[in-house]
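The values are calculated or read from the model by the stated rules, or taken from the named source; none is laboratory data. These numbers come from a predicted model, not from an experiment. As a convention, Cβ positions derive from the backbone with ideal geometry for all residues, glycine included, and neighbour counts pool all protein chains shown.
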Amino acid sequence: MSTVTSEPTGIRSLIPARIDRLPWSRFHTRLVMALGVAWILDGLEITIASNVGPDLTRADTLHMSAGAISDIATWYLIGEVIGALFFGRLSDKLGRRNLFMVTLGVYLVGSGLTAATPAGGYWFIFLYGTRVIAGAGIGGEYAAINSAIDEMIPARYRGQVDLAVNGTYWAGALLGTTATLVLINHLAPKLGWRIAYLVGPVLALVIIYVRKNLPESPRWQIMHGYEQEAEASIAEIEADVSATKGTLPPVDPDLAIEIRPTEQIGYWALLRVLFQQYPGRSLLGGALMITQSFLYNAIFFTYGLVLEFFFNVPTGSIPYYFYAFAAGNLLGPLTIGRLFDTIGRRKMISGTYLLAGVLLIITAQLFKAGSLNATTQTLCWTVIFFFASAGASAGYLTVSEIFPLEVRAKAIAVFFAIAQCFGSLGSHLYGHLIGTGHDRNSLYFGYLLGAGAMIVGGLVAVFFAVDAEGKSLEDVARPLSLVAKPPSTIFRAGSHEDLDP
């Protein structure tokens with residue numbers, strides 16, 4: 001059966017329908033494992049940087065000041081923003097596969113150079129530069145990989161897979177904590193921190209081997225006019241799936257779409273798409289990404305200070321409390337992610353955001369009253385972020401599925417960059433609210449602010465969330481290149497209710 005044919009008016013294709021009718025197979029498992037490592041690497045990098053920081057102040061390592069240590073995360077964040085915006089545009093222009101190979105290589109080089117930073121003098125500037133490079137690679141990964149996963153995962157699995165993949169950030173954080181505890185406690189400081197920074201590049205080397213065998217996104221290829229390449233990619237995927245699942249079900253020819261490839265769209269054109277064609281969705285994406293990033297950075301990057309200053313936990317014991325905190329964050333998306341595909345996006349996104357906000361208000365009251373100790377405070381965070389993590393992962397899912405394919409990676413990059421900026425504001429603000437640990441009232445109001453942010457995100461979702469569960473991406477967001485729609489399938493009756501006027 002021919003999938004793609006050229007006609008005078010455009011290209012007629014069944015590729016989206018062929019992807020969405022596939023059963024789950026080893027191909028999809030391999031795809032998720034190969035691409036999902038981006039979040040593991042990000043969690044790994046952030047955690048390692050936090051845990052090895054004290055060792056970098058020693059005279060026999062880099063002899064950096066405490067202030068210089070705190071700037072390491074800032075430069076990594078700057079790199080992520082630059083990488084997301086730069087590689088996001090290239091991903092829409094050059095393809096998902098080309099970019100998720102390049103971005104992983106950029107990260108590998110940057111983090112490897114971090115481990116090779118010379119000691120003494122002003123070489124910490126070299127360290128900052130390598131952190132920018134590593135961050136740029138990870139930022140680019142977010143844009144290219146969220147796009148690729150959404151475009152190659154069947155619609156009925158898209159929500160739970162996206163949430164699970166985004167949630168693996170915390171698997172990386174757990175891995176980073178374990179690695180640094182072992183390395184720092186069993187190796188000399190001048191060597192331990194360097195080996196810790198090499199854990200990520202070693203993992204990246206393994207994943208590059210797996211990724212090189214993945215096909216390009218057939219959806220991206222057909223939308224850009226690469227007919228023969230798209231046919232080859234979808235045929236490769238179907239052959240892989242049918243090898244374990246047997247004969248695949250037929251595809252209704254009426255599900256074909258007709259497109260005319262558009263010219264490349266830059267960021268200025270993207271802004272017109274976001275705020276003229278999809279203003280409601282842009283408000284939704286911005287609200288979800290900003291509020292979750294503000295809360296996460298505010299709590300995550302200061303939780304150690306809270307344990308130390310308010311609950312007198314020795315610094316050497318803080319990583320053990322982190323295990324429970326990270327476990328809650330990891331289990332949330334993994335256990336309730338499927339509900340985003342069954343109960344639905346609107347109810348689950350708004351519910352997780354609102355519930356996390358309400359639970360944080362309760363925790364804030366207990367904290368102010370002095371009713372918590374280090375263990376119960378950590379348990380409260382664990383429960384809060386069980387739901388907040390699922391909601392935050394759904395924020396990434398939302399911005400990656402509600403905009404047209406032609407601008408998808410750039411849209412992810414823009415919202416990711418905005419969220420990171422607000423996230424850095426959160427960690428900076430809460431650091432000052434903690435102060436020396438003598439005033440619970442200041443941090444109490446900070447917790448109320450974070451809770452309010454999540455509640456705002458939840459309320460925006462109530463009114464503006466897109467009911468994308470189980471729908472083809474072309475049904476969720478009309479491709480800019482679409483010139484004809486099927487009479488009763490794609491964009492079937494009722495689907496327009498999710499589109500902005």
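Of note:
- Scanning the stretch 281-296 for residues that are within 17 Å of G328 (Cβ to Cβ) and in contact with a Gly (Cβ under 6 Å, 6 or more places away or on another chain) turns up Q292, L295.
- Segments classed as helices (runs of 4 or more DSSP H), wholly inside the stretch 315-428, with at least 1 members that are β-branched (V, I, T) and closer than 18 Å to Y444 by Cα: 345-368, 374-401
- Any chance G316 is modelled with pLDDT under 85, crowded, with 17+ Cβ neighbours inside 10 Å, more than 23 Å from the chain's Cα centre (by Cα) and over 25 Å from A477 (Cα atoms): no
- Qualifying residue in the stretch 24-36 (condition: in contact with a strand residue (DSSP E or B) (Cβ under 8 Å, 6 or more places away or on another chain), under 30 Å from W268 (Cβ atoms) and part of a helix (DSSP H, G or I)): no
- Taken over the stretch 246-261, the residue count meeting the criterion of being β-branched (V, I, T) and either in the same structural domain as W220 (by TED's automatic domain parsing) or more than 18 Å from L473 (Cβ to Cβ) (or both) is 1.
- Residues located in the stretch 48-86, provided they are in contact (Cβ under 8 Å) with a residue 24 or more places away in the chain and either more than 17 Å from W193 (Cβ to Cβ) or within 16 Å of the chain's Cα centre (by Cα) (or both): T74, Y76, L77, I78, G79, E80, V81, I82, G83, A84, L85, F86
- The listed residue being of a type in the set (V, I, T) and touching a Ser or Thr at 6+ places or on another chain (Cβ under 8 Å), out of I349, I299, I343: I349
- A residue that is part of a helix (DSSP H, G or I) and farther than 26 Å from A413 by Cβ cannot be found anywhere in the stretch 134-149.
- Positions within the stretch 376-403 being more than 16 Å from the chain's Cα centre (by Cα) and closer than 17 Å to L283 by Cβ, in sequence order: F403
- Residue within the stretch 142-156 that is of a type in the set (S, T, N, Q) and either touching a residue at least 40 places away in the same chain (Cβ under 8 Å) or outside the structural domain of L62 (by TED's automatic domain parsing) (or both) present: yes
- Here S350, S442, S427 are screened, and the one residue that is modelled with pLDDT of 90 or more and not acidic (D, E) is S350.
- Long-range neighbours under 6 Å by Cβ, at least six apart or interchain, first residue under 23 Å from R97 (Cβ atoms) within the stretch 230-257, second of a type in the set (D, E) and not in a helix (DSSP H, G or I): S233/E216
- Some residue of the stretch 390-401 being over 23 Å from G43 (Cα atoms), crowded, with 17+ Cβ neighbours inside 10 Å, among the charged types (D, E, K, R) and in contact with a helix residue (DSSP H, G or I) (Cβ under 7 Å, 6 or more places away or on another chain): yes
- Filter pass, Q292 being assigned to a helix (DSSP H, G or I) and out of contact with any helix residue (DSSP H, G or I) (no Cβ under 9 Å at 6 or more places or on another chain): no
- Scan of the stretch 33-49 for residues that are out of contact with any Asp or Glu (no Cβ under 9 Å at 6 or more places or on another chain) and either closer than 17 Å to G112 by Cα or not aliphatic (A, V, I, L, M) (or both), ordered by number: G36, I40, G43, L44, E45, I46, T47, I48, A49
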